[in-house]
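Undergrad: Sharing a structure with you now.
Each value in this text was obtained by applying a stated rule to the coordinates, not by laboratory testing. Note that the structure is a prediction, hence the values are computed from the model and not measured. In this analysis, Cβ positions are derived from the backbone assuming ideal geometry, glycine residues included, and neighbour counts consider all displayed protein chains.
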Amino acid sequence: MNDPRLIAFYLPQFHPIPENNQWWGEGFTEWRRVVQARPLFKGHHQPHLPADLGFYDLRLPEAREAQAELARRHGIHGFCYYHYWFHGKRMLQRPFEDVLATGRPDFPFCLCWANENWTRVWDGNERQILMRQDYGTEDDLAHIRTLIPAFRDRRYIRIDGKPLFLIYRPEDLPDPKRTAAVWRKEAELAGIGGLYLAKVESFTGGVDPRDMGVDGAVEFAPDWRKMGRLKPFGAGEELLTRIGLLPKSYLNLQITDYEFLMREMLGKPRPEYDFFRCVTPGFDNTPRRGERGAVFINSTPERYEQWLGALVDWTKARYQGDRRLIFVNAWNEWGEGNHLEPDQRHGRAFLEATARAVSGDRAHSHRPNGAEQQVSPYKKAYWRGRRVVQHVGNLIREVRFSRSE
């Protein structure tokens with residue numbers, strides 16, 4: 001196996017369920033937030049509207065087949081479906097259950113347990129819990145037993161013959177080692193032959209996953225510890241906002257630069273444990289969070305291709321066989337502005353960049369030897385200075401934009 005396997009995170013929230021109907025209104029799916037989004041500052045691209053695949057419903061097998069075919073043709077090896085389990089209750093399970101039951105699409109997959117509470121965070125009320133995570137040994141056993149049929153599927157993505165199962169926030173488990181031990185024992189009893197468990201490094205990093213009873217870690221992009229800030233949010237901005245020369249959203253939003261994130265994440269040293277890298281084509285969760293959201297500006301197919309290409313080389317230089325894995329966030333996170341699926345602005349440009357980066361037929365240069373990009377103090381100073389210049393330019397444009405409204 002020469003080329004790394006590229007796995008795209010996959011959101012199943014594109015079909016109605018009774019709970020979302022109750023919480024967010026009849027017929028709610030992710031599309032409702034997507035189409036309601038609006039630009040919050042000059043140059044802010046919203047809404048992101050789908051192109052080739054349209055506003056699909058994931059209950060339709062034709063939609064799932066079209067997704068898989070498009071992904072396969074552009075270098076994506078498989079999907080990592082988000083899996084929602086709340087103490088015996090599954091949510092948003094219909095699309096994956098249909099994939100498992102029908103054997104279609106014939107496309108590799110794995111699962112990631114998104115073990116977070118569901119809250120009304122989209123309404124700004126994170127403390128109101130809609131679905132709570134409750135953990136325990138009996139629940140661990142019930143949970144793994146529901147996953148055995150998926151692990152047995154020939155399409156399931158494996159490492160050393162073991163099904164790969166991701167845990168989004170293992171640090172939230174009261175005893176992750178105990179949970180992992182319960183799962184491994186049950187998998188052995190079921191004849192699965194063991195599990196490869198991986199934690200997702202989304203909010204915390206630097207903790208050896210083996211200390212938590214799991215085998216490796218999946219980097220998550222964006223890494224919020226590496227995002228920086230494009231705007232200093234100083235007294236000047238607050239004054240201009242108060243007198244009406246800047247929109248309120250300018251102070252509330254977290255705005256940072258995509259290229260800065262890329263360079264910071266590429267600069268991470270290699271840990272001693274299995275560490276599977278991740279890239280994102282962009283990020284903008286204002287459809288979900290409005291003026292409390294985060295926006296990474298200046299993301300382009302070219303910069304994304306550069307980032308992914310560097311990770312391909314990094315991975316090939318360090319791993320062999322099944323461990324040549326790279327993740328993409330995401331295939332279809334439309335509500336967070338990170339999707340490889342074609343939209344009306346870029347078409348298939350991000351997918352085409354994916355295919356080039358994976359195949360080695362790249363349009364843009366990057367570090368071909370895959371070495372970590374250790375950023376020198378001089379380069380860091382340069383990037384900080386560049387961000388200040390960008391900030392001043394953005395500030396001037398925002399004042400003009402606000403006064404013209």
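Undergrad: Given the pairs Lys199/Lys226; Lys268/Lys316; Lys89/Lys199; Lys185/Lys268; Lys89/Lys316, which are separated by over 28 angstrom at their Cα positions?
TA: Numbers: Lys199/Lys226 19 Å; Lys268/Lys316 16 Å; Lys89/Lys199 22 Å; Lys185/Lys268 35 Å; Lys89/Lys316 40 Å.
With Cα atoms farther than 28 Å apart: Lys185/Lys268; Lys89/Lys316.
Undergrad: Follow-up question, since we're still on this one. Under a point spin-label approximation (7 Å from Cα along Cα-to-Cβ), what is the Tyr273-Glu138 distance to one decimal in nm?
TA: Going by the 7 Å Cα→Cβ label model, 3.0 nm.
Undergrad: Report the chymotrypsin sites (Phe, Trp or Tyr not before Pro) located in segment 241-316 that are in a DSSP loop and have at most 16 other Cβ atoms inside 10 Å of their Cβ, or state none.
TA: Numbers: sites: Tyr250, Tyr258, Phe260, Tyr273, Phe275, Phe276, Phe283, Phe296, Tyr304, Trp307, Trp314; in loops: Tyr273, Phe283.
Those that pass, being in a loop and sparsely packed, are Tyr273.
Undergrad: Here is a further query. Give me the extension gain from Ile148 to Tyr319: residue separation times 0.36 nm, minus the current Cα-Cα distance, reported in nm with one decimal.
TA: Working it through step by step, the gained length comes to 58.8 nm.
Undergrad: Taking neighbour Cβ counts within 10 Å as the exposure measure, how do Val358, Val218 sort from fewest upward? Each step should come with its number before you reach the end.
TA: Details: Val358 22, Val218 27.
The fewest-first ordering by Cβ neighbours comes to Val358, Val218.
Undergrad: Report the full-extension gain for the segment Thr300 to Lys42: residue separation times 0.36 nm, less the Cα-Cα distance, to one decimal in nm.
TA: Numbers: separation 258, 0.36 × 258 = 92.88 nm, distance 1.73 nm.
Taking Thr300 through Lys42 to full extension adds about 91.1 nm, to one decimal.
Undergrad: What is the dipole size for segment 1-136, taken about its Cα centre, with +1 at each Lys and Arg Cβ and -1 at each Asp and Glu Cβ, in debye to the nearest 20? Spell out each step's value before the answer.
TA: Numbers: 16 positive and 16 negative charges, 63 e Å.
With Lys and Arg at +1 and Asp and Glu at -1, about 300 debye.
Undergrad: Follow-up. Report the extension gain between Thr119 and Arg59 in nm, rounded to one decimal, defined as 0.36 nm multiplied by the number of residues separating them, less their alpha carbon distance. If you can, show how the numbers build up before the last one.
TA: Numbers: separation 60, 0.36 × 60 = 21.60 nm, distance 2.46 nm.
That pair, Thr119 and Arg59, stretches by 19.1 nm at full extension.
Undergrad: May I pose another question? Got a sec? How would Arg59, Arg155, Arg348 order by Cβ neighbour count within 10 Å, fewest to most? Don't jump to the answer; show the numbers that get you there.
TA: Details: Arg59 13, Arg155 16, Arg348 19.
Listing Arg59, Arg155, Arg348 from fewest to most nearby Cβ atoms yields Arg59, Arg155, Arg348.
Undergrad: Still on this structure: In which sequence would Lys185, Lys162 go, from the one with the fewest C-beta neighbours within 10 Å to the one with the most? Could you put the intermediate results ahead of the total?
TA: Numbers: Lys185 12, Lys162 19.
So the ranking, lowest neighbour count to highest, is Lys185, Lys162.
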